[in-house]
Amino acid sequence: MKAYGKNASLRRLVSLTHGELRLAARYGILAVYALFTFMYIMLLLWSNPAARPAAGGVTILSDPAAMGLFFMGAMVMLEKSQRVNSTLAASPVRVGEYIAAKVLALLGVGLLVALIVGAVAGTPLWGVVLCLVLCSPLFTMLAMMLASKSVSLNQFLLLSVPVELIIFTPALFYWFGGVTSPLWLLTPGVAGIALLHPDTALWPYAVLSLLVWNALVAVLCHRMIRAYFDSLGGGKL
Amino acid sequence: MISVQDLRFSYTRAPFLTDISFQVETGSSLGFLGPSGAGKSTLQKILIGMLRHYGGQAQVAGLEARDADSAFYERIGVAFEYPTLYEKLTGRQNLAFFGSLYQNKQLDISALLDSVGLLPSADQKVAAYSKGMRTRLNFVKALLHAPDILFLDEPTSGLDPTNAHVIKQMILAEKQKGRTILITTHNMQDATELCDQVAFIVDGKLRALDTPHHLIMRKAATEVAYTYLEDGREAQGTCALAATGEDALLRRLMAENKLLTIHSREQTLGDVFMDITGRVLA
Ligand SMILES: Nc1ncnc2c1ncn2[C@@H]1O[C@H](COP(=O)(O)OP(=O)(O)OP(=O)(O)O)[C@@H](O)[C@H]1O
Ligand SMILES: [Mg+2]
């Protein structure tokens, strides 16, 4: 048998990521992103320059969070309905590659949007990069986990709304000074939005918190998608 | 290439597939023939590592199926009984995408599409394909990375005779190239034409396993039916092919050149299936 290594895995990852982006374009998801970006920029330009950084922070976090989560869920549900996952499960694609490709595709798009919005809003761009790199994968993986358990798009939406609220509500409270305790940095939403604040003193804690969250969710996501691929054959016991 | 020993599996607590044992040599083809719900697709899903909770042994290409890894999947090609294609991509894009997931150099996509008559629709989205077009695309998708072993679940189902013929010729061509082929079907004609061995599967059990020729021979001897004129009316007689010499009437008719018609009635695999399993193939 041929030597089988990293090269093949990398090639598959590139193919899968490219495939995700192409499908996102076909489903009109990229167009919706472009539209939202345009809308954000317009709103920011219209708003009082003093309020721009605050508005920008909320926009940037909500972008990978709210939109990324819904879009990724929709993509997985569409895959399910076309049953292409059976073919992927019977191909050399590994679960990790399948997850990583989706994470990378959405991170790429999200980063582009966030950097544009960040530049207009005057958000520290290093913070934008950190926030996206640490938050977007988290939300993508959460979306995949929810979608793998959903039988319909409606069910996915129903499951994802509470998840969005749980992540997003503390972040908003924190951002607008409703809560101030640094302990809130233990939650992913607050940690994410703290990276969009010019005060870099808290960044290391936020980064650490998000790294832990990503590691936890990555392990869970890998397990759930593995179980989901296994369930495609129908074996449950 | 494939070796299955005492295989057991069930989706529920009640036993379903039981005591399944068979071997498939490299370069030969095996057909699973059985009525709907018999467990054919289930068996196939076990062999491609998609149902891992089975008992007994199922070795494919030297690997236990439940341990299937990337290197294993490089070597097998699977066509599921339902099409698994991206609706928003064209036929060509679907093949290019799935092909890009394999290390093996993929076959020429235009040539593959052409071989199943899909070249004119190559750049149309699959969403606009008919059922038969999807079936054909789904079939060539399994050949794309030139796998050693092919798993084809009802490859001709729902196709018109011309296209079914094309697919069957392609399967035979793959066999010529030395591929090992597993086919699931309820079509006994397909099984007879394509398979070196045929396995009858009913209610999760392997009821017979042999070459189509032997299976047909196993059934009560071929009959001879003949007609002749008697009192100005046509009459019919039958006897076993192996006993034509003992049929006095037939001998007399032959001696007097009085036979109107005579033919032997070979048993089909379908007759044999019914004989052995007591079930009719759909
Ligand atoms: N995912 C599943 N979960 C639970 N039971 C299943 C599942 N898939 C199939 N079965 C059951 O297992 C039995 C065999 O199904 P299978 O698909 O193997 O049949 P088949 O021989 O391929 O039939 P057909 O010719 O209709 O394709 C059926 O009774 C079916 O209801
Ligand atoms: Mg079947």
Near-label residues of segment B:258-282 by backbone N, under 13 Å of a point 7 Å along Cα→Cβ of B:Q236: B:261-265
Rounded Å value of the spacing that divides the Cα centres of segment B:258-274 and segment A:135-169: 64
FRET efficiency, B:R218 to B:T162 (Cβ-Cβ, R0 35 Å, nearest 0.05): 0.60
Counting DSSP beta bridges with both ends in the protein assembly as shown, the antiparallel % (nearest 5): 65
Averaged over B:101-108, number of beta-carbon atoms from partner chains that fall within 10 Å: 4
Between segment B:232-256 and segment A:41-96, the Cα center-to-center distance that results, in Å: 81
Ranked by how many other beta carbons lie within 10 Å on average, peptides A:141-151, B:271-281 from highest: A:141-151, B:271-281
Radius of gyration, Dmax [chain B; alpha carbons; angstrom]: 23.0, 76
Considering only segment B:99-219, percent of DSSP beta bridges that pair antiparallel, nearest 5: 50
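Determine, for each peptide in B:87-95, B:4-12, A:80-88, the mean count of other beta carbons within 10 angstrom over its residues, then list the peptides with the highest first.
Ranking the peptides B:87-95, B:4-12, A:80-88 by packing returns B:87-95, A:80-88, B:4-12.
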Filter on B:K45/B:K168; B:K45/B:K175; A:K6/B:K105 - keep pairs with C-alpha separation over 19 Å: B:K45/B:K168; B:K45/B:K175
Dimensionless Rg/Rh of segment B:39-127 - Kirkwood Rh, Rg from C-alpha atoms: 1.05
Relative contact order (%) - chain A, alpha-carbon pairs under 8 angstrom, separation at least six: 24
Mean projected area (nm²) of the alpha-carbon convex hull when segment A:135-235 is viewed from all directions: 6.9
Positive dipole terminus of chain A, leading residue within A:L208, A:N154, A:T59 (C-beta point charges): A:N154
More than 20 Å apart - percent of Cα-Cα pairs taken over segment B:125-257: 62
Point-to-point label distance, A:T180-B:D271, nm (Cα→Cβ direction, 7 Å offset): 9.5
Cα-projected label distance for B:D19 with A:A51, points at 7 Å along beta-carbon direction, nm: 7.9
Partner chain coverage, peptide A:179-191 - average Cβ within 10 angstrom: 0
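Return the tail of the calculated pair distribution for chain A, meaning the percent of Cα-Cα pairs more than 27 Å apart.
In whole percent, the share of Cα-Cα pairs in chain A beyond 27 Å is 36.
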Partners for B:K205 among aspartates and glutamates (Cα-Cα distance below 17 Å; same-chain residues under 8 apart left out): B:D6, B:D19, B:D275
Equivalent ellipsoid semi-axes - Cα gyration tensor, segment B:112-179, angstrom: 20, 13, 11
Equivalent ellipsoid semi-axes, segment B:1-152, via Cα gyration tensor eigenvalues times 5, rooted, Å: 31, 17, 13
Cα gyration tensor category, rounded, prolate or oblate, for segment B:223-266 with a/c compared to 1.5: oblate
Calculated FRET efficiency for the pair A:M39/B:L259, C-beta based, R₀ 51 Å, to 0.05: 0.05
Whichever aspartates and glutamates have a C-alpha closer than 19 Å to that of A:K149, once near sequence neighbours (fewer than 8 apart) are set aside: A:E79, A:E164, A:D230
Gyration tensor (Cα) of segment A:42-155, equivalent ellipsoid semi-axes in angstrom: 32, 15, 9
Per-residue mean of C-beta atoms belonging to partner chains within 10 Å, peptide B:82-91: 5
Using a Förster distance of 22 Å, the FRET efficiency for B:E64-B:S36 (Cβ separation, nearest 0.05): 0.15
Normalised contact order of chain B, rounded percent, pairs of Cα under 8 Å and 6 or more residues apart: 21
Helical mean residue ellipticity (222 nm; -39500 (n - 2.57) per DSSP H run of 4+; nearest 500) of the protein assembly as shown: -16500 deg cm²/dmol
Relative contact order (percent, whole number), segment B:1-154, Cα cutoff 8 Å, 6+ residue spacing: 24
For peptides A:101-110, B:174-183, A:123-132, sequence by mean Cβ density within 10 Å, most packed first: A:101-110, A:123-132, B:174-183
Aspartates and glutamates whose Cα lies under 13 Å from that of A:K80, excluding same-chain neighbours fewer than 8 positions away: B:E87
Cubic angstrom per residue, convex hull over Cα atoms of the protein assembly as shown: 186
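For chain B, what proportion of DSSP beta bridges, expressed in % and rounded to the nearest 5, is antiparallel?
65
Bear in mind these aren't lab numbers, they're just calculated from the coordinates by the rules spelled out. The structure presented is a predicted model; accordingly, all values stated were derived computationally and were not measured. For neighbour counting, all protein chains shown are included, and Cβ atoms are generated from backbone atoms with ideal geometry for every residue, glycine included.
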